[in-house]
Amino acid sequence: MAEDLGVHPGTLHSWVSRARRNGSPSSDRPVAEPSPGGRLRESERAELERLRAEARDKGKRIRELGMECDVCKQFVAL
């Protein structure tokens, strides 16, 4: 399987072990237990809103940079 993924077998073993232990192959910290009833805690909701706002801001900035890039390309073409 490691060869199919293009990674060293030890790396794959580490990922699998970490995922079994913590619930996430990319984190050394255990995954937080969900709130009862599947509802978000207030702190989780606040963080989610912050991350969504940050993503919106970054998306807006990416679009602005794309437009600036297009203007620069047109300038160079002239």
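Observations
- All positions within region 41-78 that are open to solvent by less than 100 Å² (accessible area, probe 1.4 Å) and either in contact with a helix residue (DSSP H, G or I) (Cβ under 8 Å, 6 or more places away or on another chain) or among the aliphatic types (A, V, I, L, M) (or both): Ala46, Leu48, Leu51, Ala53, Ala55, Leu65, Val71, Ala77
- Hits in region 8-32 (condition: modelled with pLDDT under 85 and either assigned to a loop (DSSP other than H, G, I, E, B) or in contact with a Phe, Trp or Tyr (Cβ under 8 Å, 6 or more places away or on another chain) (or both)): Gly23, Ser24, Pro25, Ser26, Ser27, Asp28, Arg29, Pro30, Val31, Ala32
The values are calculated or read from the model by the stated rules, or taken from the named source; none is laboratory data. Predicted model only: the values in this text are computed from it and were never measured. For neighbour counting, all protein chains shown are included, and Cβ atoms are generated from backbone atoms with ideal geometry for every residue, glycine included. Surface areas here come from the heavy atoms of the whole protein model, side chains and all, with no ligands, DNA or RNA. Shrake-Rupley method; radii C 1.70, N 1.55, O 1.52, S 1.80 Å.
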